[in-house]
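A.B. asks: Before I ask anything, let me first share the structure, which is written out below as structure tokens.
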Amino acid sequence: MPGLIGCSARHARRAERSLPVLHEYPTFDYDQVDYITSDTHFSHARISELAARPFGSAGEMDAELIRRWNQTVAPADVVLHLGDVALGPIAESLPLTAQLHGRKFLVPGNHDRVSPATQSRRAIERFAPLYEQAGWIMLPEIIQGTRRGTLLLASHYPYSGDTQDADRHTSHRPVDRGAPLLHGHTHDRENGPVGHQFHVGVDAFGYAPIPFTLIDAWLDDLRREEEEIAAIVRERTAMGESTPLSELAEKLGIDLAALGDTPE
């Protein structure tokens, strides 16, 4: 299994126990994150037109994004950004993001100059130092880990959904095996989760990062739903159903062993 990114040895041991199914993605310590966001599009001249943002110019948008970010995030906070941080002349737009508070992790989106979905290896090597100079800690396209013991994925891309008619960059999207997924990319203005996907982009949340406690509440809801389904499965088995409990649980996509675990 790949090493944990930004994770203590204790968290690494817990995550290794909690992730028996998904081995293909690099792991990340979500327990360290205070805020999450996506799709800021700093200096993108047309994003207000394309995404119906209430700004008269890219400069006005940049100033307001910085103000709202720093009003929300403290210098010591940890922020996870799920891609498309800045566009336009990148040597001018990226330095603006150095003004943003916090320790900033970036999962690249298709518009980032370090995106494996849209950039060559040579281009990524060329532009990566610009991101690092602006204070960004680069992450892979898809990361997995746990938040308070619950399995969680994050990617710029949702399992499905796009701003266009057809899903783009499908080979760079996570495989949907039922794990909760945090994502951006869609510029959806309706906030909150849809099933086991949660869009965290600024267009849905007042053009500012959101506290990860909101994600915690969503994960708690998902966990309660799983526990209710698991209880139904156990009840049916206790009533003499011929199908074994383990087989029913597998059909419903429930990890009964994980439901019985107590997070550290």
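A.B. asks: Report the semi-axes of the equivalent ellipsoid for segment 126-224 in whole Å, largest first, where each axis is √(5λ) for an eigenvalue λ of the Cα gyration tensor.
C.D. replies: Rounded to whole Å, the semi-axes are 22, 17, 16.
A.B. asks: Turning to a different aspect of this structure: Between residue 126 and residue 238, what length in nm is gained on full extension when 0.36 nm per residue of separation is reduced by their alpha carbon distance?
C.D. replies: Between residue 126 and residue 238, full extension yields an extra 34.2 nm.
A.B. asks: Using a simple charge model, +1 on the beta-carbon of Lys and Arg, -1 on the beta-carbon of Asp and Glu, nothing else, what dipole does segment 54-102 show about its Cα centre, in debye to the nearest 20?
C.D. replies: About 120 debye.
A.B. asks: Beta carbons within 10 angstrom, averaged per residue: use that to sort the peptides 219-229, 32-42, 86-96, highest first.
C.D. replies: 32-42, 86-96, 219-229
A.B. asks: Once the Cα gyration tensor of segment 4-212 is found, what semi-axes does its equivalent ellipsoid get, as square roots of 5 times the eigenvalues, in whole Å, sorted largest first?
C.D. replies: Values for segment 4-212, descending: 26, 19, 17 Å.
A.B. asks: Let me ask you something else. Taking 0.36 nm per intervening residue step and subtracting the Cα-Cα distance, what contour gain separates residue 177 from residue 76 on full extension?
C.D. replies: This chain segment gains 32.9 nm when fully extended.
All of the numbers you see were taken from the coordinates with simple rules; none came from a lab. Keep in mind the model is a prediction, meaning the values are calculated, not measured. Note that each Cβ is placed from the backbone with ideal geometry, even for glycine, and that neighbours are counted across all protein chains shown.
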